[in-house]
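Here is the structure we will look at, set down as structure tokens.
The values are calculated or read from the model by the stated rules, or taken from the named source; none is laboratory data. What you are looking at is a predicted structure, and each value in this text was computed from that prediction instead of being measured. All Cβ positions, even for glycine, are placed from backbone atoms using ideal geometry, and neighbour counts span all protein chains on display. Surface accessibility is based on the protein's heavy atoms, side chains included, excluding ligands, DNA and RNA. Shrake-Rupley method; radii C 1.70, N 1.55, O 1.52, S 1.80 Å.
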Amino acid sequence: MEYFGTIRAPREILFGFGQRRALGTIAQRLGKRALVVTDARLAADADFHAMIADLEGLGSVVRVEAGTLPDVPVGSAIAAAEAARGFNPDLVIAIGGGSCLDMAKCVALLLSHGGKPQDYYGELKVPGPVLPLIAIPTTAGTGSEVTPVAVLSDAERSLKVGISSPHLIPAVAICDPDLTLTCPASLTAIAGADALTHAIEAFTATRRSVTDGLTQERVFIGKNAISDQFALRAIALLWQGLEAACTVGTDLTARAQVMQGATFAGLAFGVAGTGAAHAIQYPVGALTHTAHGQGVACLMPWVMDWNRPVISRELAQMATAMGLASGEDVIPAISALFRRIGIPPTLSALGLAQDRLAWVAEQACGIERLIQNNARPLARADMLRLLNSAFAGDRTLMATA
């Protein structure tokens, strides 16, 4: 079983300082009419203008969609697709943070297959290929440049929702650490902590029984031999570089380590999936209106502590990758790193009200695709114990589980 694995990835991944300058040449192979999706801030950036000039200089006809909003409200994706339909693009290029990349995926989907995002919520609902996508991240966190996921916010559901399909994986990812050098320390911390959480949850996900159809029946198949390699390397890179990237933003080595770690984490969780930290963050984020990366990182040490009885082997492997003495040192080390870079250590510090813990437990347990992917089962009573522990900052509250 441990020799079983799979990976789903872009056809081409370019990584390195200055690689954004290959955009024009790459775009020519994929289309002639490029819809470039970004946000208002980046649309005024000198590097962005240079990339647009590169595209146009090599013959691409370009339309810029700069209306991306944080967390991608469903209505904004619908409006952007409708506005671009008359342009008739044959290529979509995403330049920006995770929201820009997710917005571009959703727009490419709607332009290709019509309908509205709600038609595609969940796994494997996208009926076929979408317009070719080039993804150029300017933050190092979500890994969306290599994943099969687009996350949107749906006001009617009061929660973030996901569209998951291998058809959403970009054709090309261009990962240029130069583009992260102006990322402020707070955003670097939140994005990088999100990436580290992706890697840990992918590496410690449940290992499913292998069947001939597993990879075709699910987008997220759980822990496997191939995703483990990317996850463990991501953990090592992010452990080495994240704090330095937050404290000295011009540290080129740290910036490269964090961006490569985020991309590797995306490759890992894009097939293995995530677990309870992400399931809990969806309702927590809806209540606290805090950044996704901040929430999942706050929760990660507590979820790891819950999973500890069944992940001793993975903790030992992580310790080796991180240069720690033993697996017992991993959870305290991750918790301390997150504290040092400004991640709230408890749900109370994150701003969650104690009287909403029961609601959060109910909502999180209802996100079955994530809860079932967690290393250790979590019934509702267990979930409430975990949440009380994470709220109070007291690990002994999980001891009765």
Worksheet item: For region 165-212, what are the residues that are surrounded by fewer than 24 Cβ atoms within 10 Å (Cβ to Cβ), of a type outside the set (V, I, T) and within 22 Å of I371 (Cβ to Cβ)?
Response: S165, R207, R208, S209
Discussion item. So G249 ticks every box in (1) open to solvent by 10 Å² or more (accessible area, probe 1.4 Å); (2) assigned to a helix (DSSP H, G or I) but one. Which box is left unticked?
Written reply: (2)
Practice prompt. For residues that are of a type outside the set (A, V, I, L, M, F, W, C) and not in a loop (DSSP other than H, G, I, E, B), scanning just region 107-117, find the one that is nearest to V36 (Cα to Cα).
Written response: S112
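For S112, state whether it is farther than 29 Å from A193 by Cβ, open to solvent by 40 Å² or more (accessible area, probe 1.4 Å) and at pLDDT 95 or above. Break it down stepwise before answering.
On the way: farther than 29 Å from A193 by Cβ: yes; open to solvent by 40 Å² or more (accessible area, probe 1.4 Å): yes; at pLDDT 95 or above: yes.
Yes: the conditions hold for S112.
Could you say which residue among T182, T138 is within 30 Å of A256 (Cβ to Cβ) and either touching a helix residue (DSSP H, G or I) at 6+ places or on another chain (Cβ under 8 Å) or at pLDDT 95 or above (or both)?
Working: T182 fails: either touching a helix residue (DSSP H, G or I) at 6+ places or on another chain (Cβ under 8 Å) or at pLDDT 95 or above (or both).
Matching residue, one of T182, T138: T138.
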Practice prompt. Please list, ordered by first then second residue, the pairs with beta carbon atoms under 7 Å, 6 or more apart or interchain, first in region 328-355 and over 20 Å from L287 (Cβ atoms), second among the small types (G, A, S) and surrounded by 14 or more Cβ atoms within 10 Å (Cβ to Cβ).
Written response: D329/A319; V330/A319; F338/A193; F338/A297; I341/A189; I341/A193; G342/A189
Discussion item. Of the residues A361, A375, A286, A321, only one is open to solvent by less than 40 Å² (accessible area, probe 1.4 Å), assigned to a loop (DSSP other than H, G, I, E, B) and either in contact (Cβ under 8 Å) with a residue 12 or more places away in the chain or farther than 24 Å from G143 by Cβ (or both); which?
Written reply: A375
Worksheet entry | Residue check, V330 modelled with pLDDT of 95 or more, in a helix (DSSP H, G or I) and over 21 Å from the mean Cα position of the chain (by Cα) | yes
Worksheet item: Mind checking which pairs have a first residue in region 109-134 that is closer than 11 Å to S164 by Cα and a second that is assigned to a loop (DSSP other than H, G, I, E, B) and hydrophobic (A, V, I, L, M, F, W, C), Cβ under 9 Å, 6 or more apart or different chains?
Response: Y120/V126; E123/V219; E123/F220; L124/V219
Response to the item:
Among residues of region 289-301 being open to solvent by 10 Å² or more (accessible area, probe 1.4 Å) and assigned to a helix (DSSP H, G or I), the residue farthest from R395 (Cα to Cα) is H292
Discussion item. Here is a list: G241, G293, G249, G275. Which entry is in contact (Cβ under 8 Å) with a residue 12 or more places away in the chain, within 15 Å of the chain's Cα centre (by Cα) and within 21 Å of I136 (Cα to Cα)?
Written reply: G293
Discussion item. Among the listed residues A262, A234, A225, identify the single one that is surrounded by 24 or more Cβ atoms within 10 Å (Cβ to Cβ) and closer than 20 Å to R207 by Cα.
Written reply: A234
Discussion item. Quick test for you: out of R385, R369, R356, R339, pick the one residue that is open to solvent by 30 Å² or more (accessible area, probe 1.4 Å), modelled with pLDDT of 95 or more and closer than 20 Å to V310 by Cβ.
Written reply: R385
